[in-house]
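Q: Quick one: the structure is below, and I'll ask about it shortly.
The values are calculated or read from the model by the stated rules, or taken from the named source; none is laboratory data. What you see is a predicted model; the values in this text were computed from it and never measured. So basically every Cβ, Gly included, is an ideal-geometry build from the backbone, and we count neighbours across all protein chains shown. Surface accessibility is based on the protein's heavy atoms, side chains included, excluding ligands, DNA and RNA. Shrake-Rupley method; radii C 1.70, N 1.55, O 1.52, S 1.80 Å.
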Amino acid sequence: MINILVALNAEAKSIRQVLKLRALQDSAPWRCYVNDRYRLIVTGTGSLNMAMATSWLYGAYGAASLWVNIGSAGHKTAEVGSVVIANKIEDGKSGQTWFIPILVNGISPGTICTVERAEVECSDLNFYDMEASGFIQAALRVTERERIHSIKIVSDNAIERSDDLDELRLMEIIEAATETVLTRLQQIFDSLGLGVDKTMPKSKTSREGFNLGKLRRISSAQEHRWRELKRRWSAVGWSIDSLRQTLDSHKSTTDFLDWMESELLSKPISLERKP
Amino acid sequence: MVTQVYIEEAVRHHARTAKLLEHYSGKPHLYLERHQEVFNPRGQNFRLQKQNPSLIIAEKHGTRIHSAPPAYGTGGEQHYYFSHMLNCVYDCRYCFLQGMYRSANYLVFVNFEDFVKDIDATVEAAGDSEVWFYSGYDCDSLAFEPITGFAEFFIPKFSQWPNAILELRTKSTQIRALLQMQPLDNVVIAFSLNSDAIASNIEERAPSIEKRLDAMYKLQQAGWKVAARLDPLIWYAEFEQGYENLIQRMVEQLDCEALHSVSLGSFRLPDGFFKILAKLYPGHWLFASGIQAREGQHGYTEKVTELLLDYCEEKVKQSMPSTKIYRHQ
């Protein structure tokens, strides 16, 4: 699941439409939209709203593969409608900074400085927004740094100023950039997929097989040992299901677990017949 | 492939920083106060970073020369290691670095001159004793050579310290700089070798054994002292055939009598590192087969360890004197 956090309805609208998200009825106090792959929440403006909504989303739905803050930002010279991915977020008030690992090559990253109100005196080094620092602070409490990203669309610059930006114009800008934003989002998601270890044999998971506790009286220490031995058993490519038959030939649970361990210690894996 | 470059403000204008940035000119770069802001903070995912790491250019503060772990060496009286870089470009499944750091980013320290001062002080303090300095504990010594110029800088320095020996540990074939230098008698280039099956299965991104042996041969031809590190030996059903084949190829391709040393060690990790690695790769056979905890380490049983070491030692002995063979357990 990919969680998308957006401050304004005007910023969310075209994303909702392109991703074909449906509104959730029971998501008060936030407006939340979902499909089977994405969850989008409209947080309201400002760092605090963004931080609260991020925490709420985690509390309500738990972990996600990716947490992305999408929204508008100002810049002194960048072209309106251009898209930037944050590799650094600064909190304008406290001066605190966070670096975001960018795992995708060939994209244009930038520094997002989060301020309390639309910035008139922009530095040409930073993009300015009002939510990213609240987002990252809350997201870092619930997931890993690599799974947190902030994608901004330039909505105003020194020529096209934020004072002149109305909701309709903002919607137009976001709509025009939505395809690029979603492509970037997909690239980030794909880069996380590379994290799957290619050298790992496709062994069956340790969840496979039977529940020893239902067949034998088992202490918590034995349960812990059983789980670890089951992991190792699967990792070397041996069948957990076949253990069920062996279990009957061992009088006690300890005997059975000792036998499993001795098998793992005495029989090497064949790399010619690696699972 | 490096995705972006972080630079500590303190080394922003350092000549080696400029060289590194020239190499990565197309990559975004960011300045920071201390490398700890991006190296090893909490909440990082080592595996995700390892796929596309960033480069961090920094200054090494504090202790730069460390006592080498027990049984690391091959003779000599005092053993130290130093690391101009943390983390490795290769992705060997058994590597303890995965358990040591939360971050997979490459951290390069550019203040080489400070390392030299500390080495000089250590040599001075040792008097007439033989002192060994190892590089390649926290990184591969040569893998980044074309970019960092590490060996090119450090090796000539050792000509001024005859009682100091530098050992560069590597799997890399980046030996061009060495071939252009005058070999020094107190420098050993030690290559980690393993069976083909292990190299192709769990030494991801590392050069093939064929290429490593070729690099060793070229260095020997050029007059360098070369050593072989058969460590970690891995226990698998076909290990006899695999290691016999490796040793046979060493005999055929290298001047084994001229090898500085061959060290043997079975797969073992400190308990804490092993647990982290088993958590990172719960489905990997390496952390499941034949492993038990003993004396603060996770490794093979005593019987398996002896089996591996005895077998390989016996094979190596057939081609070189046993005084040059070292067993590490």
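Q: Just to check your reading of the model, which residue among A:L140, A:L170, A:L165, A:L125 is over 17 Å from A:A78 (Cα atoms) and either assigned by TED's automatic domain parsing to the domain that holds A:L182 or over 21 Å from the mean Cα position of the chain (by Cα) (or both)?
A: Result: A:L140 is the single residue among A:L140, A:L170, A:L165, A:L125 that is over 17 Å from A:A78 (Cα atoms) and either assigned by TED's automatic domain parsing to the domain that holds A:L182 or over 21 Å from the mean Cα position of the chain (by Cα) (or both).
Q: Kindly list the number of the only condition in (1) touching a Pro at 6+ places or on another chain (Cβ under 8 Å); (2) closer than 23 Å to B:T301 by Cα; (3) open to solvent by 40 Å² or more (accessible area, probe 1.4 Å) that fails for B:F239.
A: (3)
Q: Next question. How many residues, within the range A:39-81, are open to solvent by less than 20 Å² (accessible area, probe 1.4 Å) and not in a loop (DSSP other than H, G, I, E, B)?
A: Looking only at that region, the number is 15.
Q: Now for a separate question. Wholly within the range A:219-275, which helices (runs of 4 or more DSSP H) include no fewer than the required count, namely at least 1 residues that are open to solvent by less than 50 Å² (accessible area, probe 1.4 Å), within 11 Å of chain B (Cβ to nearest Cβ) and small (G, A, S)?
A: A:220-235
Q: Which ranges mark the helices (runs of 4 or more DSSP H) fully within the range B:226-329 that have 1 or more residues being in contact (Cβ under 8 Å) with a residue 12 or more places away in the chain and closer than 26 Å to B:R47 by Cβ?
A: B:271-280
Q: In addition: Kindly provide the set of residues from the range B:153-191 that are under 17 Å from the mean Cα position of the chain (by Cα) and open to solvent by 20 Å² or more (accessible area, probe 1.4 Å), ordered by number.
A: Hits for the range B:153-191 are B:I165, B:R169, B:K171, B:T173, B:Q174.
Q: Residue under question is B:L254, and the condition is that it be open to solvent by 10 Å² or more (accessible area, probe 1.4 Å) and either at the interface with chain A (Cβ under 10 Å from one of its Cβ atoms) or within 22 Å of the chain's Cα centre (by Cα) (or both); does it hold?
A: Spelling it out, B:L254 is indeed open to solvent by 10 Å² or more (accessible area, probe 1.4 Å) and either at the interface with chain A (Cβ under 10 Å from one of its Cβ atoms) or within 22 Å of the chain's Cα centre (by Cα) (or both).
Q: Next up: Taking A:E172 as the residue in question, decide whether it is farther than 25 Å from A:T54 by Cβ, at pLDDT 90 or above and not small (G, A, S).
A: Answer is yes for this residue.
Q: Select from the range A:15-31 the residues that are open to solvent by less than 80 Å² (accessible area, probe 1.4 Å) and in contact (Cβ under 8 Å) with a residue 12 or more places away in the chain and write down the one among them that is nearest to A:E131 (Cα to Cα).
A: Step by step, filter the range A:15-31, then rank; the result is A:W30.
Q: Considering only the range A:88-122, state which residues are over 22 Å from the mean Cα position of the chain (by Cα) and either under 27 Å from A:D164 (Cβ atoms) or not assigned by TED's automatic domain parsing to the domain that holds A:G46 (or both).
A: A:G92, A:K93, A:V115, A:E116, A:R117, A:A118, A:E119, A:V120, A:E121, A:C122
Q: Determine if the range B:179-187 includes at least one residue that is in a strand (DSSP E or B), under 24 Å from B:I147 (Cα atoms) and more than 14 Å from every other protein chain (Cβ to nearest Cβ).
A: The answer is yes; a qualifying residue exists.
Q: Output the residues belonging to the range A:175-215 that are in contact with a Ser or Thr (Cβ under 6 Å, 6 or more places away or on another chain) and modelled with pLDDT of 85 or more. Spell out how you get there, then give the answer.
A: Taking the range A:175-215 and keeping what is in contact with a Ser or Thr (Cβ under 6 Å, 6 or more places away or on another chain), we get A:175, A:178, A:203-204, A:206.
A:E175, A:T178 - these are the residues of the range A:175-215 that are in contact with a Ser or Thr (Cβ under 6 Å, 6 or more places away or on another chain) and modelled with pLDDT of 85 or more.
Q: Further question: Quick one: is A:V84 among the β-branched types (V, I, T) and assigned to a loop (DSSP other than H, G, I, E, B)?
A: Judged against the criteria, A:V84 is not a match.
Q: Quick check, is A:V181 among the aliphatic types (A, V, I, L, M), open to solvent by less than 60 Å² (accessible area, probe 1.4 Å) and part of a loop (DSSP other than H, G, I, E, B)?
A: So A:V181 fails the test.
Q: Related question: Give me the residue from the range B:7-44 that is aliphatic (A, V, I, L, M) and open to solvent by 40 Å² or more (accessible area, probe 1.4 Å) and, out of that set, farthest from the other protein chains (Cβ to nearest Cβ). Don't jump to the end; show me each part of the working.
A: From the range B:7-44, those aliphatic (A, V, I, L, M) are B:7, B:10-11, B:15, B:18, B:20-21, B:30, B:32, B:38; that's our starting set.
Now narrow it down to the ones that are open to solvent by 40 Å² or more (accessible area, probe 1.4 Å): B:10, B:15, B:18.
Values: B:A10: 17, B:A15: 25, B:A18: 21 Å.
Filtering the range B:7-44 for residues that are aliphatic (A, V, I, L, M) and open to solvent by 40 Å² or more (accessible area, probe 1.4 Å), the one farthest from the other protein chains (Cβ to nearest Cβ) comes out as B:A15.
Q: Sort through B:A143, B:A199 and tell me the only one that's surrounded by 15 or more Cβ atoms within 10 Å (Cβ to Cβ), under 19 Å from the mean Cα position of the chain (by Cα) and part of a loop (DSSP other than H, G, I, E, B).
A: B:A143 is the lone residue from the list that is surrounded by 15 or more Cβ atoms within 10 Å (Cβ to Cβ), under 19 Å from the mean Cα position of the chain (by Cα) and part of a loop (DSSP other than H, G, I, E, B).
Q: Would you mind stating whether B:A206 is open to solvent by less than 30 Å² (accessible area, probe 1.4 Å), at pLDDT 95 or above, within 14 Å of chain A (Cβ to nearest Cβ) and not in a helix (DSSP H, G or I)?
A: yes
Yes/no per residue for (1) within 14 Å of chain A (Cβ to nearest Cβ); (2) in contact with a Cys (Cβ under 9 Å, 6 or more places away or on another chain); (3) acidic (D, E); (4) open to solvent by 10 Å² or more (accessible area, probe 1.4 Å):
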position	(1), (2), (3), (4)
B:F46	yes, no, no, yes
B:Q51	yes, no, no, yes
B:S54	yes, no, no, no
B:H61	no, no, no, yes
B:I65	no, no, no, yes
B:S103	yes, no, no, no
B:F109	no, no, no, no
B:V116	no, no, no, yes
B:Y137	no, no, no, yes
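Q: Just one of (1) at pLDDT 95 or above; (2) touching a helix residue (DSSP H, G or I) at 6+ places or on another chain (Cβ under 7 Å) trips up A:M52, so point out which.
A: It is condition (2) that A:M52 fails.
Q: Can you go through B:A151, B:A177, B:A206, B:A164 and tell me which one is under 21 Å from B:Q253 (Cβ atoms) and touching a residue at least 24 places away in the same chain (Cβ under 8 Å)?
A: Sole residue among the options that is under 21 Å from B:Q253 (Cβ atoms) and touching a residue at least 24 places away in the same chain (Cβ under 8 Å): B:A206.
Q: Based on what the data block shows, is B:Q4 open to solvent by 60 Å² or more (accessible area, probe 1.4 Å), at pLDDT below 95 and within 13 Å of B:L107 (Cα to Cα)?
A: When the stated conditions are applied, B:Q4 does not pass them.
Q: Quick one: which of B:G296, B:G283, B:G242 is touching a strand residue (DSSP E or B) at 6+ places or on another chain (Cβ under 7 Å) and not β-branched (V, I, T)?
A: Of B:G296, B:G283, B:G242, the one residue that is touching a strand residue (DSSP E or B) at 6+ places or on another chain (Cβ under 7 Å) and not β-branched (V, I, T) is B:G296.
Q: Could you grab me the full set of residues in the range B:257-292 that are more than 12 Å from chain A (Cβ to nearest Cβ), among the small types (G, A, S) and open to solvent by 10 Å² or more (accessible area, probe 1.4 Å)?
A: B:A258, B:G272 - these are the residues of the range B:257-292 that are more than 12 Å from chain A (Cβ to nearest Cβ), among the small types (G, A, S) and open to solvent by 10 Å² or more (accessible area, probe 1.4 Å).
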